[in-house]
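What follows is a single structure, written as structure tokens, with notes after it.
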Amino acid sequence: MKPKTVGRIGGNASAVVPSHTLPNTGLMAQSIILTLDGEKSVGDVKPGDRVITRDSGTAIVTATRARRVSMPVVRIRAGSLGHTRPERDMTLPAGQQVLIRDWRAKALFGRDQALVPVERLVDGEFVCREEASDITVCDIEFARPHILYVDGIEVAGQTDPEARAAAAA
């Protein structure tokens, strides 16, 4: 899995990741994330790991949490969000934010890039919403917001309120 950074504007996402945990968010434990140690399953990421990010190169994970929940999910077919994006069929919680930087951002949001809940991209054929199911999701937290590479797409990481408060002190 390789970061897709062609065409980025200013190196940052155009929308701000909220500082609180959104409902129906998280990353599937079996998804693949890019780290300085190579590709890892999201469920194997631990505090202190360095994750490759779109906005800052790398970021140190401050906290992780796995939880078993019942929530609606969105299934994305391989290659449906751009050339090899995602690299394989993937599932995300419906509220998980993804960064889009193609015609969809311009057509749907009037911007070159947008950070949106994946459920806003549902088309019923390649990106499909499914009813609530029992899943294991992982929250990977950082001192500040970051865009992560997961299964070949760019997704929002969460901020750790304790780490953010410590950094501000």
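Is it true that Val51 is touching a strand residue (DSSP E or B) at 6+ places or on another chain (Cβ under 7 Å), among the β-branched types (Val, Ile, Thr), surrounded by fewer than 18 Cβ atoms within 10 Å (Cβ to Cβ) and in contact (Cβ under 8 Å) with a residue 24 or more places away in the chain?
Numbers: touching a strand residue (DSSP E or B) at 6+ places or on another chain (Cβ under 7 Å): yes; among the β-branched types (Val, Ile, Thr): yes; surrounded by fewer than 18 Cβ atoms within 10 Å (Cβ to Cβ): no; in contact (Cβ under 8 Å) with a residue 24 or more places away in the chain: yes.
So Val51 fails the test.
Looking across Arg88, Arg111, Arg101, one residue alone is of a type in the set (D, E, K, R), under 24 Å from Cys138 (Cα atoms) and out of contact with any Pro (no Cβ under 6 Å at 6 or more places or on another chain). It is Arg88.
Within the range 67-91, the set of residues being aliphatic (A, V, I, L, M) and either within 15 Å of the chain's Cα centre (by Cα) or crowded, with 16+ Cβ neighbours inside 10 Å (or both) comprises Met71, Val73, Val74, Ile76, Leu81, Met90.
Does the range 98-116 contain any residue that is of a type in the set (Lys, Arg), at pLDDT below 90, under 19 Å from Arg77 (Cα atoms) and part of a helix (DSSP H, G or I)? Yes, the range 98-116 has at least one match. Summed over the range 110-151, the residues that are open to solvent by 20 Å² or more (accessible area, probe 1.4 Å), closer than 15 Å to Thr25 by Cβ and among the β-branched types (Val, Ile, Thr) give a count of 1. Within the range 109-133, residues that are touching a residue at least 12 places away in the same chain (Cβ under 8 Å) and of a type in the set (Asp, Glu) have Cβ atoms under 7 Å from residues that are in a strand (DSSP E or B) and open to solvent by 50 Å² or more (accessible area, probe 1.4 Å) in these pairs: Glu119/Arg129; Glu130/Arg75, counting only partners at least 6 apart in sequence or on another chain.
Residues considered: Thr136, Thr62. Of these, the only one that is touching a helix residue (DSSP H, G or I) at 6+ places or on another chain (Cβ under 6 Å), at negative phi and not small (Gly, Ala, Ser) is Thr62. Taking every residue in the range 69-91 that is farther than 14 Å from Ile32 by Cα and pairing it with any residue that is among the aromatic types (Phe, Trp, Tyr) and in a loop (DSSP other than H, G, I, E, B), at least 6 positions away or on another chain, the pairs with Cβ-Cβ distances below 8 Å are Ile76/Phe126; Arg77/Phe126; Ser80/Phe126.
Counting residues in the range 55-66 that are open to solvent by less than 80 Å² (accessible area, probe 1.4 Å), more than 17 Å from Thr159 (Cβ to Cβ) and either touching a residue at least 60 places away in the same chain (Cβ under 8 Å) or in a loop (DSSP other than H, G, I, E, B) (or both) gives one or more.
The values are calculated or read from the model by the stated rules, or taken from the named source; none is laboratory data. Treat the numbers as computed from the prediction; the structure is a model and nothing was measured. For neighbour counting, all protein chains shown are included, and Cβ atoms are generated from backbone atoms with ideal geometry for every residue, glycine included. We work out accessible area using only protein heavy atoms, side chains counted, and drop any ligands, DNA or RNA first. Shrake-Rupley method; radii C 1.70, N 1.55, O 1.52, S 1.80 Å.
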